[in-house]
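Below is one structure, written out as structure tokens, with a few remarks after it.
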Amino acid sequence: MGISKKAGLSGKNYRVVGYGSRFPLVVVLIFCSVVAPFLFFVGRGIYITTVTDENKLSAIVQNQRLALQNVKSLLTKEVLEVIKANTDDLGPLSLDSFRKNNLSASWKFVGQELQDENAASSHEADKSGAIIKQEAPRIRVDISSDVQSHSSDTPAKAARRQLREKRREKRAADLVKQDEEVTLKLENAAIERSKSVDSAVLGKYSIWRKENDMENTDSTVRLIRDQMIMARVYISLATMKNKLDLARELQNRLKESQHALGEAASDSDLSRSAGEKIKAMGQVLAKAREQLYDCKLVTGKLRAMLQSADEQVRSLKKQSTFLSQLAAKTIPNGIHCLSLRLTIDYYLLEPEKRSFPRMENLENPNLYHYALFSDNVLAASVVVNSTIKNAKEPEKHVFHLVTDKLNFGAMNMWFLLNPPGKATIHVENVDEFKWLNSSYCPVLRQLESAAMKEYYFQAAHPTTLSAGSSNLKYRNPKYLSMLNHLRFYLPQVYPKLDKILFLDDDIVVQKDLTGLWAVDLHGKVNGAVETCGESFHRFDKYLNFSNPHIARNFDPNACGWAYGMNMFDLKEWKKRDITGIYHRWQNLNEDRLLWKLGTLPPGLITFYGLTHALEKSWHVLGLGYNPSIDRSEIEHAAVIHYNGNMKPWLELAMTKYRAYWTKYIKYDHPYVRHCKLSE
């Protein structure tokens with residue numbers, strides 16, 4: 001006998017004796033731990049399933065209602081008429097009956113064919129069908145379900161049924177007829193289009209561009225060029241396939257087309273025989289197409305021709321760059337003639353007649369002083385004339401011209417013959433500045449070195465025009481002239497002046513500039529117009545930021561500014577030793593690792609943090625390279641600048657901008673007429 005103890009709720013112990021009393025307790029425990037939870041979850045699942053099914057059923061009913069409400073907006077007018085007739089004849093709307101009995105022959109329901117086939121196999125003996133044939137899938141009409149009911153109909157019901165069937169047949173025939181009419185219209189339109197294409201092929205051999213069918217002034221010229229391209233392709237294919245007669249015929253037609261085209265740029269330039277040449281070429285090309293056309297071969301030939309043309313374009317661009325740079329650095333014959341005649345006549349003058357009046361104004365700091373360094377007599381005359389004509393008080397303006405010894409006589413003679421009214425002018429020779437020597441000036445010492453001469457003059461010994469285009473810029477004479485670097489020595493040239501306005505010789509003054517002397521530079525040395533945009537004309541364009549000297553001292557995103565019209569405070573210049581800063585950086589750049597060319601990069605370095613930005617209307621740039629400057633911007637500018645290769649005194653100048661410059665030239669002057677300088 002076993003004895004066990006059980007702890008109750010009261011905390012007392014009870015004694016239980018025998019095996020028989022333990023069995024009911026085990027059953028109760030099993031029921032509570034296993035059966036009861038099982039029954040609970042099963043019941044809950046049944047309940048959830050029931051609720052879910054009810055929800056699904058209600059959702060389906062709701063969706064059907066919404067579909068029936070919106071069916072009017074989804075179906076066409078013809079289909080709605082069919083549905084209405086069915087509703088009138090057969091009672092409430094049934095989508096299933098509509099799908100089976102009242103569809104146009106062009107309608108198709110995915111999955112419906114399978115149901116029809118199953119129904120046909122199970123009721124084949126009791127079924128008869130009516131099939132409406134069209135280009136679309138067949139629609140079967142099931143009448144097996146009505147056979148038994150029809151046999152017991154009264155004569156009146158049978159008559160009504162026959163009327164309904166006739167109406168259905170009529171509606172189906174109308175829909176089929178409408179479909180046939182639409183198809184016929186499309187076919188007729190396609191036929192007409194094909195006829196027009198055929199006529200185009202007979203006249204042109206092919207339609208290469210939409211422009212050929214439009215009234216463009218050069219549509220025929222383009223057509224001839226396209227024919228010539230395809231003729232070259234087929235000549236190559238004919239030679240490859242040993243069809244020499246066809247190749248010769250194509251070659252002859254190609255020569256005729258080239259002769260007919262000539263240098264024509266528009267249809268009006270073509271000869272009267274061009275139409276016959278086009279027709280003859282079209283016939284030969286059609287013949288070649290029949291015998292030789294292979295899509296893969298034609299595509300390969302056209303690709304090869306495109307690559308060859310692209311290489312030629314790149315080569316021609318290099319040559320064009322070379323020639324344009326060469327033209328920009330040369331002096332036109334008329335200006336050269338003018339300089340020579342003026343020089344001869346100057347040295348024929350007696351010495352006492354070679355001086356200018358009002359020399360006492362040269363060092364008067366209360367007047368408006370201009371610095372102009374140039375070797376171009378005509379350009380310098382435009383700068384002076386335009387400034388004086390637009391000045392409110394010409395007598396207060398003083399021009400300091402510096403040129404080289406070659407043009408010193410010509411510059412003096414021109415302004416002796418054409419004095420600038422009441423203004424003061426003085427011409428100096430840069431070669432007479434004895435203090436400007438190689439021991440003082442680093443750039444002069446570098447220019448005289450053998451390494452610099454090789455860098456500028458030999459330039460890797462190019463043997464062709466295209467090879468020399470990238471090195472021609474190194475040979476620009478201005479980089480070898482101290483006139484270009486004299487701008488860094490203004491206090492030395494004009495020690496008695498406080499402020500001076502520096503002008504390039506490729507500018508035109510359009511307004512009175514005396515307001516610039518009243519601009520507060522806020523302690524800066526240089527007043528200039530900034531040229532940077534969103535990502536260009538910043539310091540990283542001009543300086544080598546891979547060099548640690550540049551990277552440590554300057555911001556690559558700092559805004560650049562322009563030479564051409566600069567107001568310099570010479571007092572601040574001396575105080576900050578600007579010339580000494582320039583010398584230090586020029587010595588560091590002896591091997592040309594900081595910058596390559598010109599005076600703008602060292603200017604950006606020298607005046608870094610010392611430049612005050614002027615209003616852009618003071619100085620508008622780009623007339624020597626940018627054809628899209630706004631006209632109003634030019635006309636409202638105080639100074640316009642022809643920076644770039646297309647200088648206004650060259651033949652390659654942009655015509656639209658040249659008149660702003662030429663109006664300040666005296667074309668009736670005897671020297672100008674004799675040298676055949678004209679507008």
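The values are calculated or read from the model by the stated rules, or taken from the named source; none is laboratory data. Given the structure is predicted, the values throughout are model-derived calculations rather than measurements. We place every Cβ from the backbone using ideal geometry, glycine too, and count neighbours over all the protein chains shown. The accessibility values were calculated without ligands, DNA or RNA, using every heavy atom of the protein model including side chains. Shrake-Rupley method; radii C 1.70, N 1.55, O 1.52, S 1.80 Å.
Give me the pairs, please: first residue somewhere in the stretch 478-499 and in a helix (DSSP H, G or I), second residue anywhere and modelled with pLDDT under 90 and open to solvent by 50 Å² or more (accessible area, probe 1.4 Å), beta-carbon distance under 8 Å, and either six or more positions apart or on two chains.
As it stands, the answer is Asn484/Lys478, since those pairs meet every condition given.
Tell me, which residue of the stretch 567-590 that is buried (at least 20 other Cβ atoms within 10 Å of the Cβ), outside any strand (DSSP E or B) and not aromatic (Phe, Trp, Tyr) is modelled with the lowest pLDDT?
Filtering the stretch 567-590 for residues that are buried (at least 20 other Cβ atoms within 10 Å of the Cβ), outside any strand (DSSP E or B) and not aromatic (Phe, Trp, Tyr), the one modelled with the lowest pLDDT comes out as Asn589.
Would you check if there is a residue in the stretch 281-296 being open to solvent by 30 Å² or more (accessible area, probe 1.4 Å) and aromatic (Phe, Trp, Tyr)? Outline the logic, then answer.
Step one: of the stretch 281-296, the residues open to solvent by 30 Å² or more (accessible area, probe 1.4 Å) are 283, 286-287, 289-291, 293-296.
Cutting the leftovers down to aromatic (Phe, Trp, Tyr) gives us 293.
Among the residues of the stretch 281-296, at least one is open to solvent by 30 Å² or more (accessible area, probe 1.4 Å) and aromatic (Phe, Trp, Tyr), which makes the answer yes.
Evaluate the following for Ser257: is it under 17 Å from Asp218 (Cα atoms), open to solvent by 80 Å² or more (accessible area, probe 1.4 Å) and within 37 Å of the chain's Cα centre (by Cα)?
no
Sort through Ile634, Ile605 and tell me the only one that's in a helix (DSSP H, G or I) and in contact with a strand residue (DSSP E or B) (Cβ under 8 Å, 6 or more places away or on another chain).
Result of the check over Ile634, Ile605: Ile634.
I need a count of the residues in the stretch 379-393 that are touching a residue at least 40 places away in the same chain (Cβ under 8 Å) and open to solvent by 10 Å² or more (accessible area, probe 1.4 Å).
6
Identify the single condition in (1) part of a helix (DSSP H, G or I); (2) open to solvent by 20 Å² or more (accessible area, probe 1.4 Å) that Asp555 does not satisfy, given that it satisfies every other one.
Only one criterion in (1) part of a helix (DSSP H, G or I); (2) open to solvent by 20 Å² or more (accessible area, probe 1.4 Å) is unmet by Asp555, namely (1).
Give Glu432, Glu448 a once-over and let me know the one that is closer than 30 Å to Glu352 by Cβ and open to solvent by 30 Å² or more (accessible area, probe 1.4 Å). First the steps, then the outcome.
Details: Glu448 fails: closer than 30 Å to Glu352 by Cβ.
So the residue among Glu432, Glu448 that is closer than 30 Å to Glu352 by Cβ and open to solvent by 30 Å² or more (accessible area, probe 1.4 Å) is Glu432.
Restricting attention to the stretch 320-355, report how many residues are more than 21 Å from Leu677 (Cβ to Cβ), assigned to a helix (DSSP H, G or I) and among the charged types (D, E, K, R).
Residues that pass the stated criteria total 2.
Taking interchain pairs and intrachain pairs at least six residues apart, which have beta carbon atoms under 9 angstrom, with the first residue in the stretch 289-311 and touching a residue at least 40 places away in the same chain (Cβ under 8 Å) and the second open to solvent by 70 Å² or more (accessible area, probe 1.4 Å) and β-branched (Val, Ile, Thr)?
Pairs found: none.
Filter the stretch 614-637 down to residues that are farther than 18 Å from Ile335 by Cβ, of a type outside the set (Val, Ile, Thr) and touching a Gly at 6+ places or on another chain (Cβ under 8 Å) and give me whichever is surrounded by the most Cβ atoms within 10 Å (Cβ to Cβ).
Leu623
Kindly indicate whether Pro442 is of a type outside the set (Val, Ile, Thr), farther than 30 Å from Ala653 by Cα and open to solvent by less than 10 Å² (accessible area, probe 1.4 Å). Steps first, answer last, please.
Numbers: of a type outside the set (Val, Ile, Thr): yes; farther than 30 Å from Ala653 by Cα: yes; open to solvent by less than 10 Å² (accessible area, probe 1.4 Å): yes.
When the stated conditions are applied, Pro442 passes them.
Being among the small types (Gly, Ala, Ser), at pLDDT below 80 and closer than 17 Å to Leu302 by Cα, is that true of even one residue in the stretch 224-232?
Within the stretch 224-232, none of the residues are among the small types (Gly, Ala, Ser), at pLDDT below 80 and closer than 17 Å to Leu302 by Cα.
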